[in-house]
Amino acid sequence: MSEEVRHSTGRKLFRSSLTVGSMTMLSRVAGLVRDMVIAAMFGATANADAFFVAFRIPQFLRRLFAEGAFSQAFVPVLSEYQTTRSVAEVKQLVDAVSGVLGAALLAVTAVAVMGAPVVTLVFAPGFLEMPEKMALTTEMIRITFPYLFFISLTGFTGAVLNSYSRFAVPAFTPVFLNLTLIAGAIYGVQFFDEPALALAWAVFIAGMVQFFFQLPFVARIGMLPRPRFLPNHDGVRRIMGLMIPALFGVSVSQINLMLDTVLASFLPTGSVSWLYYAERLSELPLGVFGIAIATVILPGLSREFATESDTEYRHTLDWAIAMICMVALPSAAALLLLGEPILVTLFQYGQMSARDVEMTALSLGALALGLPAFMLIKIFASAWYARQDTRTPVRIGIIAMVANMVLNLLFVLPLHHFWKVGHMGLALATTGAAYLNAGLLCHGLWRKGIYGIDRNLLRDLSKILLATAALVALLVVALPWLGDLGSFGWATRAWRLGLVCGAGAALYFAVLLATRPAFLARGLRPRPAAG
């Protein structure tokens with residue numbers, strides 16, 4: 001493969017990642033504003049716990065079906081059809097998948113709405129001892145669960161757009177969820193005796209808005225689905241065969257986080273909310289960069305596998321790992337050291353107390369430790385799914401899930417008994433399971449000769465670690481200067497924290513540029529493997 005072809009592929013990957021990253025950044029900023037509004041108005045109260053459970057159940061299933069197992073199974077098959085079949089056959093596949101997926105989602109949604117008390121009991125069994133909290137959660141689940149139908153179809157249309165390299169629209173779409181929730185929290189509460197119900201209805205409306213927003217763009221590429229129920233279609237059968245085991249693959253981190261919610265329902269009131277706010281902050285770099293890069297490389301890896309371009313396949317993975325580590329390592333260090341100041345600046349207003357911030361900071365620090373692993377799972381899982389191999393990730397996912405359960409017992413019980421911070425133990429267990437998951441996925445690729453980390457990448461990683469060490473040193477020195485941010489107004493908090501973060505980022509990239517890692521020296525392009 002010529003150097004120019006490698007450079008061209010790298011430029012396309014970088015431009016696509018930049019597009020997805022910028023759109024996702026906009027969505028995540030809107031999500032941060034959303035969480036700030038919810039925190040100020042609802043804090044970490046019993047009603048907030050009830051809403052977060054009702055919201056997280058369809059969100060959890062969305063990540064499994066729309067962003068997780070479904071997309072990882074659908075995109076490789078669709079990419080193969082685009083490469084080897086006619087346009088008419090591609091369109092028939094889109095129609096058949098939309099029909100089967102839509103029918104399955106309708107059935108699941110109807111069962112969940114009718115059996116909402118059972119759903120509540122399964123996902124928040126600890127609420128059983130609090131009848132009012134249980135009843136409110138059940139009512140909100142009936143309202144929020146249809147969101148799963150619309151948002152999963154949104155994930156389907158987004159996967160079609162991504163396979164045609166139309167990355168911006170799917171990445172921008174979640175902005176509508178955040179804007180709708182902000183409107184519900186500020187304006188919708190006046191129409192309900194129980195203000196939290198306004199948030200539930202906002203979730204329902206947001207699902208419809210996101211789905212209908214994407215349809216014109218799908219029509220523009222000639223792939224507007226006309227649902228046909230064809231479960232025996234060859235492509236549908238292959239997708240289902242890949243999807244069922246993939247439920248435990250790339251989505252295992254989300255499954256572990258959902259298990260954390262189940263266990264948190266047994267802990268003191270506020271535990272669900274403390275975990276939610278911590279996860280939202282830790283997911284900011286994951287959503288902006290981790291998911292963006294994984295989204296961009298999956299169609300390319302699938303095509304490279306279909307055309308037996310093994311060298312380019314490895315180059316793409318090298319590029320993705322370097323990019324992930326360039327973001328994940330400094331982000332993890334910053335969240336560990338500045339977690340509480342960030343939470344004070346963003347959330348400590350209105351109903352959000354100083355104790356809520358302190359408790360949230362504990363779980364945020366634990367999740368920050370796992371940020372590199374959470375992001376690398378997306379990359380390594382994509383490497384397996386691009387090869388239409390879902391069995392290996394599912395085996396590894398089951399191992400990681402069992403490990404998470406064992407770690408929950410090891411961490412949660414003593415931390416809750418002695419220090420009343422059991423929610424921190426839940427986050428630590430999730431982090432430990434994530435590192436096991438990422439390590440086994442990478443080891444499997446190496447053992448089968450699919451991928452091996454070369455010397456150039458190791459040199460790049462050592463330079464990233466050096467730049468991260470410089471960042472840590474600066475933040476340690478700057479922490480005392482921040483002072484007690486909670487005693488200041490919002491503007492003072494923001495400029496003090498912003499100054500420290502800006503100085504840290506400037507030093508990090510200055511050291512990184514001075515050491516000239518290979519992937520930066522080549523303009524963020526993949527480079528030939530060493531040896």
- request: Could you please let me know if Arg280 is buried (at least 19 other Cβ atoms within 10 Å of the Cβ) and over 22 Å from Pro58 (Cα atoms)?
  value: no
query: So, in the range 126-141, of the ones that are over 25 Å from the mean Cα position of the chain (by Cα), in contact (Cβ under 8 Å) with a residue 24 or more places away in the chain and within 17 Å of Val272 (Cα to Cα), which residue ends up surrounded by the fewest Cβ atoms within 10 Å (Cβ to Cβ)?
result: Glu132
- prompt: Quick one: what pairs do we get from the range 84-104, first residue without any contact (Cβ under 8 Å) to a residue 12 or more places away in the chain, second part of a helix (DSSP H, G or I), C-beta under 7 Å, 6+ apart or different chains?
  reply: Glu89/Tyr81
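Would you tally the residues in the range 124-159 being more than 23 Å from Ile205 (Cα to Cα) and in a helix (DSSP H, G or I)?
Total satisfying the criteria: 9.
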- request: Hey, can you tell me all the residues within the range 474-495 that are under 29 Å from the mean Cα position of the chain (by Cα) and without any contact (Cβ under 8 Å) to a residue 24 or more places away in the chain?
  value: Trp495
message: Take Arg496 and tell me if it is among the basic types (Lys, Arg) and modelled with pLDDT under 95.
response: no
task: Output the residue which, of all residues in the range 288-305 that are buried (at least 24 other Cβ atoms within 10 Å of the Cβ) and under 11 Å from Ser163 (Cβ atoms), is modelled with the highest pLDDT.
output: Ser302
Evaluation of Gly449 against (1) surrounded by fewer than 20 Cβ atoms within 10 Å (Cβ to Cβ); (2) under 29 Å from Val272 (Cβ atoms); (3) among the small types (Gly, Ala, Ser) (one fails), failing number: (2)
statement: If you go through Ser71, Ser8, Ser16, the only one that is in contact with a Ser or Thr (Cβ under 7 Å, 6 or more places away or on another chain), modelled with pLDDT under 90, under 30 Å from Thr316 (Cα atoms) and in a helix (DSSP H, G or I) is Ser16
message: So for the range 211-228 (the condition being out of contact with any Ser or Thr (no Cβ under 6 Å at 6 or more places or on another chain) and closer than 27 Å to Ala48 by Cα), does at least one residue qualify?
response: no
- prompt: Are there any pairs, at least 6 apart or on different chains, whose C-beta atoms fall under 9 Å, with the first in the range 37-49 and surrounded by fewer than 24 Cβ atoms within 10 Å (Cβ to Cβ) and the second among the acidic types (Asp, Glu) and not in a loop (DSSP other than H, G, I, E, B), and if so, which?
  reply: Gly43/Asp356; Ala46/Glu132
Gly270 vs. criteria under 30 Å from Pro125 (Cβ atoms), in contact (Cβ under 8 Å) with a residue 24 or more places away in the chain, surrounded by fewer than 22 Cβ atoms within 10 Å (Cβ to Cβ) and under 16 Å from the mean Cα position of the chain (by Cα): no
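Quick one: which residue in Met405, Met359 is closer than 20 Å to Gly422 by Cβ, touching a Phe, Trp or Tyr at 6+ places or on another chain (Cβ under 6 Å) and of a type outside the set (Asp, Glu)?
Matching residue, one of Met405, Met359: Met359.
The rows are residues; the columns are (1) within 25 Å of Tyr276 (Cβ to Cβ); (2) part of a loop (DSSP other than H, G, I, E, B).
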residue	(1), (2)
Cys325	no, no
Ala333	yes, no
Leu338	yes, no
Met352	yes, yes
Glu358	yes, no
Gly365	yes, no
Pro372	yes, no
Ala381	yes, no
Tyr385	no, no
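The values are calculated or read from the model by the stated rules, or taken from the named source; none is laboratory data. Quantities reported herein were computed from a predicted structural model and do not represent experimental measurements. Neighbour counts are summed over all protein chains in view; Cβ atoms, including those assigned to glycine, are modelled from backbone coordinates with ideal geometry.
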